Each structure stands twice: as C-alpha cells, then as structure tokens.
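Below is one structure, written out as structure tokens; comments come after it.
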Amino acid sequence: MRINVCKFVIAIVALSAFCSIRTEASVLLKSSVLVTDGQINGDLLVSSNVEPHLKGELASIQLGYIPDPLGTLTLDKKTLEKKLSEVSGNFEIPEKITVKRAGAILKAAEIIEEIKRYCLTADDENIVIDVSKVPATIVLPGNLISYCVETSAQNNLGMKLFTLKADTDGGPFRQIIQVAVTKRVEAAKLIRLAKAGEVITPDMVIKDQIIIKNNKTNLPMSYENVLGKTLEQFKSAGTIVRESDISDKMAVSRVVAQSEISPVKKISDNFKENMIKPGDSVEYCVNAGGLRLKVPAKAIEGGNPGDEINLINLKNKKRIRGIITENGVVEYAQN
C-alpha cells in the first residue's frame, strides 16, 4: 500500500512538471507588433504577463532594426527559429511576424503656406517661391501634436533655410527645409552692340522680364530708367543693362558719342602695346535672332577696345571687319 502511495506522489510531481513545460511551450508569439522605437528585440513579441525569465532571455536577442517611422520588418518562422536559437523551443512561432514602427504623415501643403507667409512682401505678384525641394510628405515619429516653421534668414531673395519643429507622441521632430525665393522684374535689354560712351535711346533697347536672385547689388535697370543714360562700357546685343553699366558722367548726344568713338583707331595707333596684335587668334562674335555665334578668326590689324579692325575668317578664309570689345573678342556691329 505504501508503495502505491509513493508511485502516486511521483506521478503527480511528474504531471506537474510536464504541465509546466507545456505551459512554457505554449507561449504564442505575436504575429503583428506595433513599436515606437527602431530597435527590435525579442521581448516585443510577447505579452507583459509572460514569465519574467523568458522575457529576460528574449530581451537580449536582437531581431532587427527599423530606421524610419512607418517602416516595417517582416520575419518568417525559419528566420525566427534561427535568431531565437536555444529558447525557440519554449514558444509557439507563427509562420510570419510583421513588426511596424509607429509614425504619422505631415503633408507638404500644410507647411508651404507657412513658408509663403514668411517670403511674400507687398508686391506679392512678382515674388516667385520655388518649393520643389520641399518633400511631398514628411514622416513624423508619432502622431502630430503641434508644429511650427521658423527661419533666421534675413535675406529677402535667394536661398532661404527654414526649420520645421514638431511635437509628436513619439517624441520631438526637427527638419531643415530649403526654398529658393526670386523676383520677376522688368529690365532693359540691348538689341544691338552698344559702345562705351553711347547714350541709350529707344531704338537700342526693349523691355524684358527677368528673374533676379538678390536685390542688393548691381540690379538691372528698367526700360524707362536707362533712356538718356550713358554707357560706361561696351555691351553686347541681348544683354541686360545694369547699374554698373551706366557712366556717372554727364550724358552726351548719341551723335557726339559716336563721333568721339569713331577716331579711336587712330589714337590707338600711338599706343605702344595694343590689346590685340596682328596675327592674334580671336573670337569673332555675331548676334543673330537671340543667338550668339562665335567664329574663329585671326587679326590682320592691332587695336584696343572700340577699334574697328580687319580680320580673316579661319573657316572660309574671307576678310571681315569688327569692333574689339575685350581681349580676344571682336564683334560684328551693324549700326
């Protein structure tokens, strides 16, 4: 009788141990997990009421990393068994486990209006804001609580840097945003080669619309403002007249200006050193219909800016004439 009692007790203990093993073995890992951090460890796959020693073992096992909010990590059963190694026998592993990192989307349209508010001035219709570098969507680390757009840039035009600051339930967020701010203005454009000392007349310029990237230095001049002004230097056809192109000297009539410039060739003959010498290779430039054509040529005569000299067109070997505008450049001028 005593032997039977002992056998019964042993059976009870064995059954208890077996049930304990079965309990541990029946712990089912989650098939879908939502996390707030990029580091994915094994303890994230079990519920909080799992035995502490099992959870501790899982916490030391790194399963992967999700670098970006809203990113996903997928693990199949075979991969999990390999990563869990010896402790895998304590768990029931699904065929696939998906881990998703929490996050939220902030659309660019919501912050572009804030950016425009900083950039636009009184003449709004002339300001051009390039927001092509603003991401279409911005991924936040959690659900948005509040946000603001700030800038310390003092320049009205040019490249401006903005800082997007956001508070989310997944922590603070900060991102630099770059936009280009330009302005559309009217400017005077030359339609022919103009010489230094010439007075600008209506038949020399037309109105044009251009984009400027700053409003501080060497600004383009409007059609109305350049009329009657004297050019300080040679200007090619198709170029914009700017403040630095205008002479501070009193304007003279176009006829007088031309008569003063015409005999420059004779004056330059007395110079010991001409900018272009006979035999020099130069670029012969012709402006036609908005195009600037360049032809290789060789100077037959020497001279300085403003001089009209003879050259040889190296392509067709014909003699041509032009006016020296700068070192190595001679332009055809039809006045």
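The values are calculated or read from the model by the stated rules, or taken from the named source; none is laboratory data. Small disclaimer: the values here were computed from a predicted structure and weren't measured. Every residue, glycine among them, receives a Cβ derived from its backbone with ideal geometry; neighbour counts consider all protein chains shown.
Could you identify the single residue in I93, I115, I66 that is at pLDDT 85 or above and touching a Gly at 6+ places or on another chain (Cβ under 7 Å)?
After ruling out the rest, the residue left standing is I66.
Out of E92, E186, I need the residue that is acidic (D, E) and exposed (fewer than 13 other Cβ atoms within 10 Å of the Cβ). Which one?
Being acidic (D, E) and exposed (fewer than 13 other Cβ atoms within 10 Å of the Cβ) holds for just one of E92, E186, which is E92.
Report those helices (runs of 4 or more DSSP H) wholly inside the stretch 207-287 carrying at least 3 residues which are in contact with a helix residue (DSSP H, G or I) (Cβ under 8 Å, 6 or more places away or on another chain) and either modelled with pLDDT under 85 or in the same structural domain as E326 (by TED's automatic domain parsing) (or both).
By residue number, no helices (runs of 4 or more DSSP H) qualify.
Show the residue pairs meeting these rules: Cβ distance below 6 Å; 6+ apart or different chains; first residue within the stretch 198-227 and in contact (Cβ under 8 Å) with a residue 40 or more places away in the chain; second residue buried (at least 17 other Cβ atoms within 10 Å of the Cβ) and of a type in the set (S, T, N, Q).
Once the first residue is in contact (Cβ under 8 Å) with a residue 40 or more places away in the chain and sits in the stretch 198-227, its partners that are buried (at least 17 other Cβ atoms within 10 Å of the Cβ) and of a type in the set (S, T, N, Q) give V199/T230; I211/T182; K213/T182.
Keeping to the stretch 288-300, report how many residues are among the hydrophobic types (A, V, I, L, M, F, W, C) and modelled with pLDDT of 90 or more.
3
Is the stretch 126-134 home to any residue that is in a loop (DSSP other than H, G, I, E, B), among the small types (G, A, S) and exposed (fewer than 15 other Cβ atoms within 10 Å of the Cβ)? Walk me through how you get there before you give the answer.
At the first step, the residues of the stretch 126-134 found to be in a loop (DSSP other than H, G, I, E, B) are 131-134.
This time we only want the ones that are among the small types (G, A, S), so: 132.
Checking the rest, the ones that are also exposed (fewer than 15 other Cβ atoms within 10 Å of the Cβ) come to 132.
Yes: one or more hits.
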